[in-house]
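Undergrad: Here it is, the structure, as structure tokens.
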Amino acid sequence: MKSVADALQSIAVTLWVGGLWAVGYLVAPTLFRVLPERALAGMVAGRLFTLIAWVGIGCAAYLIVYRLARHGVQALRQLAFWVTLVMLALVAAGEFGVQPILASLKDQAGAREVMESVLRDRFAAWHGVASVLYLIVSALGLVLAAAAGRGR
């Protein structure tokens, strides 16, 4: 029988990776298809991406502590440990590096939609960076789920 810590490890991976895929590839595109205003869809999607970033930070913290507590220094030889650490670093870069830049560009656009302002190209470039980071984290999430499932 699995311990509570082992069960929480499985739950953390499932919650984080499942949330990444659900928000990024199901919910956000649906918002842009069904909501009448792109600005509203962007605002809701942005809030959801922030929430899943915080879920990821919390899950990553648990997963790192879990690996270190369970395996000691041997955790440093496990794929799941390093994938989790890289995912955490990328989520932090997105949330604390890229997102404040996007928010600043939106604020600078003022009453206009940022994509209708002179800041459009800068916003699009930084949005692209955020999207690539998200894609990499999502792909690494699949690696994490497979590695954690095999105990690696």
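Undergrad: Order the peptides 30-36, 123-129 from the highest to the lowest mean number of other Cβ atoms within 10 Å of their residues.
TA: 123-129, 30-36
Undergrad: At a Förster distance of 22 Å, what's the computed FRET efficiency of GLN108 paired with VAL44, Cβ-Cβ distance as r, to 0.05?
TA: 0.55
Undergrad: Of the labelled options (1) 19.4, 63; (2) 17.6, 60; (3) 16.1, 62, which one gives Rg and Dmax of the Cα atoms in Å as computed for this structure?
TA: Of the labelled values, this structure produces (2).
Undergrad: Next question. For a footprinting-style exposure proxy, rank ARG38, ARG150 by other Cβ within 10 Å, fewest first.
TA: With the sparsest Cβ surroundings first, the list reads ARG150, ARG38.
Undergrad: What is the calculated FRET efficiency for ILE101 to THR30, with r their C-beta to C-beta distance and R₀ = 22 Å, to the nearest 0.05?
TA: Calculated value: 0.25.
Undergrad: Where in the chain are the helices, taken as whole DSSP H runs, whose Cα atoms extend 30 angstrom or more along the long axis and whose Kyte-Doolittle mean reaches at least -0.5?
TA: 38-71, 120-149
Values quoted throughout were computed directly from the atomic coordinates according to the rules given, and no laboratory measurement underlies them. The shown structure was predicted, so the numbers you read here are calculated from the model rather than taken from an experiment. Cβ: placed from backbone, ideal geometry, glycine included. Neighbour counts: every protein chain shown.
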